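Remarks on the structure that follows.
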Amino acid sequence: MADQAEKLRNIIKAQNQPRRQAARVITVTSGKGGVGKSNTAINLAIQFRKMDQRVIILDADFGLANIEIMFGTVPKYNLYDLIYQGKSIKDIITWGPMEVGFISGGSGIVGMANLSRDYLNYIVQNLVELDSMADIIIVDTGAGISDAVLEFLVASNEIVLVTTPEPTSITDSYSLVKALNRHGRFSEEYTSINVLANKVRNEEEADMLYHKLNSVVSRYLKVPIKYLGCVPQDEQLSRAVMQQTPVSIQNASARSALAYQEIARKLMSGEMESPKVKRGMMAFFSHIMTGRR
């Protein structure tokens with residue numbers, strides 16, 4: 001156990017050398033399924049690529065395969081092969097539209113959220129290489145407040161919380177923030193929570209949604225959440241999903257695509273105040289591992 005801890009410290013020390021720039025890690029999540037979380041991850045990735053950013057998506061929704069389905073691309077290998085079959089990190093990256101890389105958790109993999117310390121150590125050693133391969137890494141979590149989801153969120157610098165005007169979505173988003181706030185390793189200093197209002201009729205409905213959520217969060221949790229922007233209900237987006245093509249590629253002038261473009265611009269411009277410490281994948285996964293000791 002001591003040897004493993006020492007190995008991890010050596011990995012962190014090596015990865016902290018100035019020669020390697022930590023990637024920006026943005027984690028996309030939601031309190032419930034069906035709100036457009038994976039669509040958000042994919043279209044933000046495309047918009048970042050249009051800004052000449054190198055982007056890799058980590059599909060951390062273990063047991064589902066949303067990213068690969070929506071990309072219309074079947075990966076040859078996934079995280080299972082990295083952990084159990086000795087494949088390298090480069091082996092398991094699949095390249096989708098516009099050279100957006102993605103790593104699949106693997107459909108139906110059981111027990112990925114309960115890996116042993118040895119396996120977590122092996123994952124850290126491999127996934128930290130992503131810091132030198134990408135400018136931005138988007139982590140697409142599962143929906144809800146499972147322990148696995150919370151572990152990813154508490155390790156994140158930037159969280160994009162996707163919610164819709166449905167009362168159940170707003171309630172579930174509040175429950176997610178509440179669970180995150182109660183987590184022993186959550187820190188407002190290191191993590192920012194940005195709310196994206198999805199499937200709204202107009203900006204007025206989006207503002208109302210955010211203020212409803214923010215009012216209860218401010219009153220009962222005292223956790224700062226920020227309004228990131230909104231994506232309108234758009235038939236063009238629905239059509240793109242059916243054709244397994246991101247709307248930001250299929251129809252760049254669609255209302256939803258323009259909304260994703262504006263949200264990506266806000267994230268890149270510095271308008272959204274981000275934590276002072278940028279963790280990168282090295283710190284992201286070592287933080288998760290620390291929580292398992």
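Tally time: how many residues in segment 182-205 are at pLDDT 95 or above and on the phi < 0 side of the Ramachandran plot? Looking only at that region, the number is 12.
Criterion applied to A283, A257 was being farther than 21 Å from A179 by Cβ, under 21 Å from the mean Cα position of the chain (by Cα), at pLDDT 95 or above and not in a loop (DSSP other than H, G, I, E, B), and the one residue passing it is A257. The set of residues in segment 177-207 that are in a helix (DSSP H, G or I), among the hydrophobic types (A, V, I, L, M, F, W, C) and out of contact with any strand residue (DSSP E or B) (no Cβ under 7 Å at 6 or more places or on another chain) comprises A179, L180.
Kindly evaluate V231 against the criterion of being buried (at least 22 other Cβ atoms within 10 Å of the Cβ), β-branched (V, I, T), touching a residue at least 40 places away in the same chain (Cβ under 8 Å) and closer than 18 Å to T40 by Cα. Spelling it out, V231 is indeed buried (at least 22 other Cβ atoms within 10 Å of the Cβ), β-branched (V, I, T), touching a residue at least 40 places away in the same chain (Cβ under 8 Å) and closer than 18 Å to T40 by Cα.
Going by the structure shown, is L221 over 19 Å from A257 (Cα atoms), surrounded by fewer than 16 Cβ atoms within 10 Å (Cβ to Cβ) and hydrophobic (A, V, I, L, M, F, W, C)?
Yes; evaluated as a whole, the condition is true for this residue.
The values are calculated or read from the model by the stated rules, or taken from the named source; none is laboratory data. Everything numeric here is computed off the predicted structure, so don't read it as measured data. Because the Cβ atoms are built from the backbone with ideal geometry, glycine has one as well, and the counts that use them run over all protein chains shown.
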